[in-house]
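Only one structure is covered here, and it is reproduced in the block below.
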Amino acid sequence: MTGRRAWLLIALGLGVLAALPLLSTGSVLTWGFQVLLYVALAQSWNVLGGFGGQVSLGHAAFFGLGAVVTRMMWLSGHPLGVALSAGMVAATVAGVLIGAPTLRLRGPYFAIGTLAVAEILRITVSNVFPEVSTLSAPALASYALAPRYLLALMAAALSTLVAWMLTQTRFGYGLAVVRDDEAVAEAVGVNAFRHKLAVFVLSSALAGLTGGVFGYYHVSFYPQFAFSPLWTFDALLITFFGGTGTVWGPPLAAAVYLLFREVLALRLVELHVLVFGILFVLVVLAFPGGLLAAWRALSAGRVRQTHRS
Amino acid sequence: MLLEVEGLTKTFGGLLAVSRVSFRVASEEVVGLLGPNGSGKTTLLNLIAGALHPDAGQVRLDNRDITALPANARARLGIARTFQLVRTLPKLSVLDNVLVGRLYGRDGSGLEAARTESLSLIASVGLRDKAQSPASQLTLTDQKRVELARALATRPKVLLLDEPLGGLNLTEVRAAVAMLRQVRTSGVTVVVVEHNVQAVRALCDRLIVFNYGQTVVEGGPDEVLAHPAVIEAYLGKSSGSNLAAFS
Amino acid sequence: MTSVLLQNAVFGLLLGGLYGLGAVGLSLVFGVLAVLNVAHGELIMLGGYVSVWLFTLWRVDPFVSALVAGPVLFLVGAVLFRLFFRRLVSFAEDDRIKTSILIGFGLALVVQTLAILAWGADERAVTPPYAGTVMTMGTVVVPLSRLGALGLAFLVLGGVHLFLTRTRVGTALRATADDEQGAVLVGIPIGTAYLRAFALGSALAGVAGALVSVSDAVSPAIGLHWTLKALIVIVLGGMGNIFGTFMAGLFLGLAESTSGFLLGNAYREVVGLMLFLLVLSIRPRGLLTRS
Ligand SMILES: Nc1ncnc2c1ncn2[C@@H]1O[C@H](COP(=O)(O)OP(=O)(O)O)[C@@H](O)[C@H]1O
Ligand SMILES: [Mg+2]
């Protein structure tokens, strides 16, 4: 599937997704919103962890910043566009400030260093803004799902576009080399640190946007909830499940994840975390390439067999 | 002078790996570095390429002091290298391995042009049919070709080769020497670390012999290889023809 | 003012002993296996539940439970190693650490969820008859149960120290931590050493968890908190030295309680994390480095 046919399919898919609010409301649209939110969330992590190879455990910090800043700007009367931009800018600036020191950490220290930073932010936010944030009565009265859904679609499409660009651009090639071997990258002229920082900031900005969509969507939440490490964990889970460093793995996995959650939640709220946690461990151990790679390996096996027969 | 190294010194902990080494390489010259294992040859290449920074001394390219520059900046100025233990990127295709060199190296090209140029480089090292295979599937000698193509893709002024023939069998060595001859005629300046004396004799204009991080002898291949100190120290009295046997 | 400060310091040290004990197991596992088990806090949580259940069912004293939690978590650790971490042994060190973080993280989710399903999300406490008994020294009050926990932590660490330095099995573990290839060469069965180290590290988490239950509530969600504390302590204290780790634990407890007093309780956690980042930014490989 290449070239024009692929583009046509993607355009068609986007068209159908964009038309969903016309066709349905309520639970289907809510589910659609959640899938798209998680696509954006996972893809924003995938850009850094999958394409950049930097396993950050502090992703929630940027999601949270986007959510809280967007929410506050919006509730204090700024236009939504301004509020979302402000959330993204906050996450981007934080990306520079946090990325620059943590990316110098080696081995496991980058992972646990980013986790520490995110926890510092979460605790600070819970201290400074302990109150739950609830929509005002007029905002509640005019609440509509469709625009939220469309925003989530936009964030998902944008982050997937960014992931795709990483397979098509000079920067993306340089990043792949940095991910696989920094010494080689430096030897051919790639500034490894700058590439890592750039992708860290890019990932933070996308996480900030996704957080902003969440902040605009939710009727009421505690600010610290947007900084919960669960956002990081969900992003990792989905990305690894779908396949790190692939464009279509995370969206596919996000849909499967939420379908699972929907079905299993009927029985027990926690069950989907359990099932997914186990699947995640199995994927990490057995299929480091994720769902997509496993599928490709299986179907390649089948093709080879049919050729032989 | 194209490349000048002056008083380079590097220690690891208490170990003096490279000690006050100075030499010059003229444009289009091919210089061979010889010396027993552990004598500091790889460290010296790392210092020139910028993978390591010296404790003292200078590296100059085209009369410009580049000692403070990081490796990536030196690569863009025209210093390319291969690694003693081959370092292809196993998950990427042969084409993508070479492509990054063309994209980021000296006067890097746009994506389309880079692709075409990389393919022709890949063909020139004899891997035309394998351009799309993942590098992990290649034999050692083919991986060394990929590394060579990747280094050449940066359009280097100076090419640093660390034991390009190491680990190859006789047929492969012959093919590789022929390929390096081609590189030589194309006008790239080369600094090559190699134990294979016949190959060194065939390829190099000048040899520098190291021991314990210091220059021992320097001169034309015949002169150096006949030097008593060299024969004694590295070839043994019986004067075997292949240094590799003693390393 | 000084007496309040002193009182805070005492509480900090008492808590710090648990930080130290919680970290030693993680440090041991990392030192020997180059596996960073970020589900270590969940093992501490399980140790806490051993104590909670023994107390709820049979009124077993938490200090006795601590001695039961150790062996129980030893077995849990052995099973976890067999099922998951054993496969990592063939990985190169960098890959091994990275993958172990991911697996530990998946396990943390699974263990935490299982705990919620089995015991609910509520906080549970253990209240032995002597809970609340204090010893007064001048103006400073010392809760006896916490003092006992500190004492037991110290004893257990002393035991581990003796085990590592005075027994063949312990010496083999230390040799593996020092130089894996060398250990293989002198004929140490490396797979067994790995299994023992992982199970022992888990057992220490179990003891720590039971001691946590003496003074703090236990719930399925406490795992991440304890993992973070253990990581901070390891980075602060360096590795390979049990008492160094223990001292770092005491230091962290002291730093937290003092800063909690000076800056307000809301910021005590932040101080530990800041210290952690400070050390890392000075030494990007951490004080914790495998030799
Ligand atoms: N990164 C390093 N850290 C510590 N010692 C090193 C390092 N690299 C090389 N050495 C030491 O420096 C000396 C020179 O090594 P090297 O340059 O690799 O020699 P050669 O390439 O001539 O065999 C050796 O003793 C080697 O062990
Ligand atoms: Mg060498």
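The values are calculated or read from the model by the stated rules, or taken from the named source; none is laboratory data. Worth saying up front: this structure is predicted, and the values here are computed from it rather than measured. Using ideal geometry, Cβ is built from the backbone for each residue, glycine included, and neighbour counts are taken over all protein chains shown. The area values use the complete protein model at the heavy-atom level, side chains included, leaving out ligands, DNA and RNA. Shrake-Rupley method; radii C 1.70, N 1.55, O 1.52, S 1.80 Å.
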Would you call residue B:192 more than 16 Å from ligand 2 (Cβ to nearest atom), β-branched (Val, Ile, Thr) and either at pLDDT 90 or above or within 12 Å of the chain's Cα centre (by Cα) (or both)? no
Take the residues in the range B:165-177 that are open to solvent by less than 50 Å² (accessible area, probe 1.4 Å) and in a loop (DSSP other than H, G, I, E, B), then tell me which one is farthest from ligand 1 (Cβ to nearest atom). B:168
Restricted to the range B:7-16, and to residues that are within 11 Å of ligand 1 (Cβ to nearest atom) and modelled with pLDDT of 90 or more, which residue is surrounded by the most Cβ atoms within 10 Å (Cβ to Cβ)? B:10
Tally time: how many residues in the range C:188-218 are at pLDDT 85 or above, within 26 Å of residue C:253 (Cβ to Cβ) and of a type outside the set (A, V, I, L, M, F, W, C)? 6
With respect to residue B:97, determine if the residue is within 14 Å of chain A (Cβ to nearest Cβ), among the polar types (S, T, N, Q), open to solvent by less than 40 Å² (accessible area, probe 1.4 Å) and within 16 Å of ligand 2 (Cβ to nearest atom). no
The range A:110-138, residues that are at pLDDT 85 or above, among the aliphatic types (A, V, I, L, M) and within 16 Å of residue C:269 (Cβ to Cβ): A:115, A:116, A:117, A:118, A:120, A:121, A:123, A:125, A:128
In the range A:166-206, anything outside any helix (DSSP H, G or I) and either within 18 Å of residue B:80 (Cβ to Cβ) or within 7 Å of chain B (Cβ to nearest Cβ) (or both) is listed as A:181, A:188, A:189, A:190, A:191
Condition check for residue B:76: within 13 Å of residue B:5 (Cα to Cα), open to solvent by 40 Å² or more (accessible area, probe 1.4 Å) and not polar (S, T, N, Q): no
Under the condition of being among the hydrophobic types (A, V, I, L, M, F, W, C) and within 13 Å of chain A (Cβ to nearest Cβ), which residue from the range B:61-78 is nearest to ligand 2 (Cβ to nearest atom)? B:71
Select from the range A:119-145 the residues that are open to solvent by less than 40 Å² (accessible area, probe 1.4 Å), away from chain C (no Cβ under 14 Å) and in a helix (DSSP H, G or I) and list them in ascending order. A:139, A:145
Please work out which residue is farthest from residue A:33 (Cα to Cα), limiting yourself to the range A:267-309 and to residues that are open to solvent by 50 Å² or more (accessible area, probe 1.4 Å), more than 14 Å from every other protein chain (Cβ to nearest Cβ) and at pLDDT 65 or above. A:298
When residues of the range B:50-60 are limited to those that are within 14 Å of another protein chain (Cβ to nearest Cβ) and open to solvent by 10 Å² or more (accessible area, probe 1.4 Å), the one nearest to ligand 1 (Cβ to nearest atom): B:52
If you scan the range B:119-164, which residues turn out to be within 12 Å of chain A (Cβ to nearest Cβ), within 16 Å of ligand 2 (Cβ to nearest atom) and either polar (S, T, N, Q) or in a helix (DSSP H, G or I) (or both)? B:147
Restricting attention to the range B:20-56, which residues are within 16 Å of ligand 2 (Cβ to nearest atom) and over 26 Å from residue A:185 (Cα atoms)? B:21, B:34, B:35, B:36, B:37, B:39
Looking for whichever is assigned by TED's automatic domain parsing to the domain that holds residue B:223 and surrounded by 16 or more Cβ atoms within 10 Å (Cβ to Cβ) here; the options are B:19, B:27. Which one fits? B:19
Out of everything in the range B:79-92 that is surrounded by fewer than 18 Cβ atoms within 10 Å (Cβ to Cβ) and more than 8 Å from every other protein chain (Cβ to nearest Cβ), what residue ends up being farthest from the chain's Cα centre (by Cα)? B:85
Tally up the residues in the range A:72-118 that are open to solvent by 20 Å² or more (accessible area, probe 1.4 Å) and either assigned to a loop (DSSP other than H, G, I, E, B) or of a type in the set (Gly, Ala, Ser) (or both), please. 12
